1. Counting just the residues of the stretch 229-252 that are touching an Asp or Glu at 6+ places or on another chain (Cβ under 9 Å) and touching a residue at least 12 places away in the same chain (Cβ under 8 Å), which one comes out nearest to residue 402 (Cα to Cα)?
2. With (1) within 30 Å of residue 311 (Cβ to Cβ); (2) without any contact (Cβ under 8 Å) to a residue 60 or more places away in the chain; (3) in the same structural domain as residue 431 (by TED's automatic domain parsing); (4) not acidic (Asp, Glu) as the list, and residue 358 as the residue in question, which single condition is left unmet?
3. Within the stretch 441-484, work out how many residues are assigned to a loop (DSSP other than H, G, I, E, B), modelled with pLDDT of 95 or more, under 22 Å from residue 419 (Cβ atoms) and out of contact with any Ser or Thr (no Cβ under 7 Å at 6 or more places or on another chain).
4. Please enumerate the residues belonging to the stretch 179-192 that are surrounded by fewer than 13 Cβ atoms within 10 Å (Cβ to Cβ) and at pLDDT 95 or above.
5. Considering only the stretch 144-156, I want to know if a residue exists there that is surrounded by 21 or more Cβ atoms within 10 Å (Cβ to Cβ) and assigned by TED's automatic domain parsing to the domain that holds residue 250.
6. When you scan the stretch 113-140, how many residues do you find that are modelled with pLDDT of 95 or more and of a type in the set (Lys, Arg)?
7. So how many residues does the stretch 383-402 have that are farther than 21 Å from residue 175 by Cα and either charged (D, E, K, R) or surrounded by fewer than 19 Cβ atoms within 10 Å (Cβ to Cβ) (or both)?
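The values are calculated or read from the model by the stated rules, or taken from the named source; none is laboratory data. Every value quoted in this text rests on a predicted model; they were computed, and no experiment measured them. Positions of Cβ are generated from backbone atoms using ideal geometry, with glycine treated the same way; all protein chains shown enter the neighbour counts.
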Amino acid sequence: MSPSFYITTPLYYVNDRPHIGSAYTTLIADIIAMYHRMKGDDVYFLTGTDEHGQKVQQAAEKNGISPREHCDLYAARFRELWSYFNLSNDDFIRTTEERHVRVVQTVLRKLYDEGQIYKDTYDGWYSVADELFISEKDYQEGKYRDVRRISESNYYFRMSDYRERLIRHIQEHPDFIAPENRRNEILGFLKQPLKDLCISRPKERLSWGIELPFDDQYVTYVWFDALLNYITAPGYLQDAEKFDRYWPAVHLIGKDILTTHCVYWPAMLMAAGLPLPAKIFAHGWWTSEGQKMSKSLGNFIDLDTIREHCERVGKDMYRYFMAKEGPLQNDSDFSRERFYQTYNSDLANDFGNLVNRIFKLIGKFYEGKIPTPAKFSPDEEALKANAEQCRVKVFEYLQELNVNALTAEILRYVSSLNRYLEIKEPWKLAKNDTAAAGTVLYAALAGLRFSAALLYPLLPEKMREFFAMLNTGEAPGSVLEWDTLPAGVQLQEMIALFPRFDLSLLESSAQ
């Protein structure tokens with residue numbers, strides 16, 4: 001049986017349209033899932049929407065529609081974007097689905113019956129915008145928006161009981177939270193006493209939520225509800241075989257929701273007697289044109305802006321740029337100039353130029369058929385050996401979820417193929433020694449085919465087009481060996497995979 005691999009994104013809250021942040025997390029998860037499928041793993045890839053809570057109820061009331069209608073509208077927008085990018089997710093979960101409601105209520109009942117949930121009265125500050133009870137210190141420092149004083153009875157989860165156990169787990173599993181700066185942040189947070197978590201809201205204040213199974217006057221706090229979706233989707237309490245097959249998950253999030261996913265969630269799973277996630281990776285944020293993104297500044301990258309870029313140079317370039325330049329370790333900046341310069345240098349000049357050179361020379365000197373190689377020289381053997389090293393490094397970086405380094409590694413190999421052609425000059429060699437030139441072009445095409453296979457999760461549409469031109473009948477994600485290229489195959493007509501982008505168009509569009 002193939003090894004299993006379960007990867008999740010956070011559930012996106014239905015109070016705003018998709019933007020570069022949600023697109024980035026989900027595209028990176030998709031790329032990672034596709035590489036694991038390439039390895040032969042049995043992959044389960046989950047994304048979805050978080051649909052309960054006060055902000056949803058207020059937004060629906062403001063627009064004169066029901067909370068359900070509001071959620072349907074925003075969930076459709078996320079589905080639309082993932083469909084636009086042809087994502088390979090196996091499931092899209094909504095926290096309003098009955099399968100999820102059943103899991104949340106079952107876990108709540110279990111914890112309540114075991115005494116891990118109790119009722120108490122809270123008197124203090126509450127942030128409506130963040131749906132959080134906050135301390136006097138937080139209030140004085142002005143950390144939260146829309147804060148008001150409230151006094152009400154609620155139910156609490158004994159999260160404080162799990163502080164020491166959680167610290168021990170993080171220390172004993174150094175890869176549990178990544179990158180290291182996020183791990184250190186959580187360990188720093190846990191140096192302070194951990195408070196119990198309020199997991200309910202009275203219906204008189206908030207009705208849009210999952211009803212507590214032991215008190216019908218309350219609904220579940222949105223974070224306690226949403227964080228359980230990651231066990232709902234793979235079949236917890238519904239399909240034990242499937243759940244055991246895929247759980248625990250690798251979880252990809254933005255750094256803004258670090259504490260909820262690295263403290264609240266693990267404590268909840270510990271209380272429920274379930275294994276913790278295999279890894280939680282919290283990436284940085286995107287800035288835009290060197291500044292924090294803001295609608296008032298006009299540099300906010302939303303769905304319309306994403307599509308504008310994709311219409312110019314293709315959807316694949318957006319995936320590629322996210323992977324190569326994205327903020328895995330720290331924050332990263334999206335600039336239009338850098339985006340299109342990367343397209344020209346990496347794809348039009350390096351990969352595209354390589355395709356153009358090889359296909360044209362094979363068409364000119366070998367009637368468009370892949371030449372049969374003679375004995376390889378040390379240069380060709382080096383290309384083969386370097387391909388194997390590249391493949392090994394790519395999958396090592398994959399284990400670290402380091403798609404930045406993974407992408408750069410493949411591009412280095414593509415660049416080495418261009419250098420190889422510059423040294424060998426098969427356009428000159430073919431005039432006097434077609435056998436030697438054929439060996440060079442075979443080796444270069446074998447390297448190009450290998451590179452295209454490794455680039456497939458990053459550039460799926462374009463690499464499918466390349467393999468159609470290659471005409472070997474191979475699926476683009478199936479070729480991981482350098483020296484299995486069949487000779488004598490008639491290449492299809494070459495098309496320009498990555499036409500060079502005229503950077504002057506950026507200046508005119510900015511005016």
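1. 246
2. Here residue 358 clears every test but (2).
3. Of the residues in the stretch 441-484, 1 are assigned to a loop (DSSP other than H, G, I, E, B), modelled with pLDDT of 95 or more, under 22 Å from residue 419 (Cβ atoms) and out of contact with any Ser or Thr (no Cβ under 7 Å at 6 or more places or on another chain).
4. Within the stretch 179-192, 180, 184, 188, 191 meet the criteria.
5. Looking through the stretch 144-156, at least one residue is surrounded by 21 or more Cβ atoms within 10 Å (Cβ to Cβ) and assigned by TED's automatic domain parsing to the domain that holds residue 250.
6. Looking only at that region, the number is 1.
7. Residues meeting the conditions: 6.
Residue-by-condition table, conditions (1) without any contact (Cβ under 8 Å) to a residue 60 or more places away in the chain; (2) surrounded by fewer than 17 Cβ atoms within 10 Å (Cβ to Cβ):
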position: 76; (1), (2): yes, yes
position: 81; (1), (2): no, no
position: 84; (1), (2): no, yes
position: 90; (1), (2): yes, yes
position: 96; (1), (2): yes, no
position: 100; (1), (2): no, no
position: 105; (1), (2): no, no
position: 108; (1), (2): no, no
position: 115; (1), (2): yes, yes
